[in-house]
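The values are calculated or read from the model by the stated rules, or taken from the named source; none is laboratory data. Because the structure is predicted, anything quoted here is derived from the model rather than measured. Here the Cβ positions follow ideal geometry from the backbone for every residue, glycine too, while neighbour counts run over all protein chains shown.
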Amino acid sequence: MDISTQEQSAASGKSSRHNKNDVFLILRKAISEGEFQPGQRLPAERELASKLNVARGTLREGLRDLERAALVERRQGSGTYVTYASETHLPTIIENVRPLELVDARLALEPHMCRKAVLHATDDDFLRVEQVLAGMDQCTDDPAGFSKLDEEFHLLLAELSGNRLMQWMAQSMSVARTHSQWSRVRTITLNPDIIRVYNAQHRDIVDAIKSRDPEAAATAMRQHIFTARESLQNIAEV
């Protein structure tokens, strides 16, 4: 498997610094697409870190997030093994979830996630968020690039919540976006106008978190998700 090619693709998302979310997204895609099989041991950390061009500490953080999302299992002294197709029902649900179901689940989770981020986000965290926002601003005419950074943005907010269960839930729901039905959704809904709207809404969310206003942050996130839901409903009506 040529992970390095995926890493270069992630780098084209306009972010100059790779982080644990990049590791999570790249390896999750490889696992969900079957490039690593259930029960297979991932390459050694040194090899993976080299292929992904990240520090080993960053790689370990990404692997921990994969484990929280029930995609891998890390065995002391043995390595990291793929568990995505284990007997748990979660992967089956994620594979078959409809876009509107996912948006409704996000509506239940992400506003409160933003409230928690108000309490926990640091100045260093905001620097990371600003990098992602800047990347999305450059992707008005690049739906695929925008989608990758949009996913990274929401996963980052989950991380900033300081709640590991919320982070796991966000990561698990994010897995659904790797499946084929989302390619059609992106093709139909992500045009330059809606990307500009989403970018403005992302900025509103971050500004509210920076202002330490939990209800404003939650309201901004609800508005953002309502906009996404309306776009999906328009598809269903076509």
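Assorted remarks:
- Selected residue [modelled with pLDDT of 90 or more, hydrophobic (A, V, I, L, M, F, W, C) and more than 28 Å from GLU35 (Cα to Cα)] from ALA134, ALA158, ALA55: ALA134
- Within the stretch 113-167, the set of residues being among the small types (Gly, Ala, Ser) and in contact with a Cys (Cβ under 7 Å, 6 or more places away or on another chain) comprises GLY145 only.
- Residue match in the stretch 180-197 (condition: in contact with an Asp or Glu (Cβ under 8 Å, 6 or more places away or on another chain) and within 17 Å of PRO99 (Cα to Cα)): no
- Qualifying positions in the stretch 64-82 - closer than 18 Å to ARG164 by Cβ and modelled with pLDDT of 85 or more: ARG64, ASP65, LEU66, GLU67, LEU71, VAL72, GLU73, ARG74
- Criterion: under 25 Å from GLU61 (Cβ atoms) and at pLDDT below 90 - qualifying residue of SER183, SER174: SER174
- For the stretch 205-215, filtering for residues that are part of a helix (DSSP H, G or I) and surrounded by fewer than 18 Cβ atoms within 10 Å (Cβ to Cβ) leaves 3.
- All conditions but one from (1) closer than 17 Å to PHE24 by Cβ; (2) free of Cβ contacts under 8 Å to residues at least 24 places away in the same chain apply to ASP124; the one that does not is (1).
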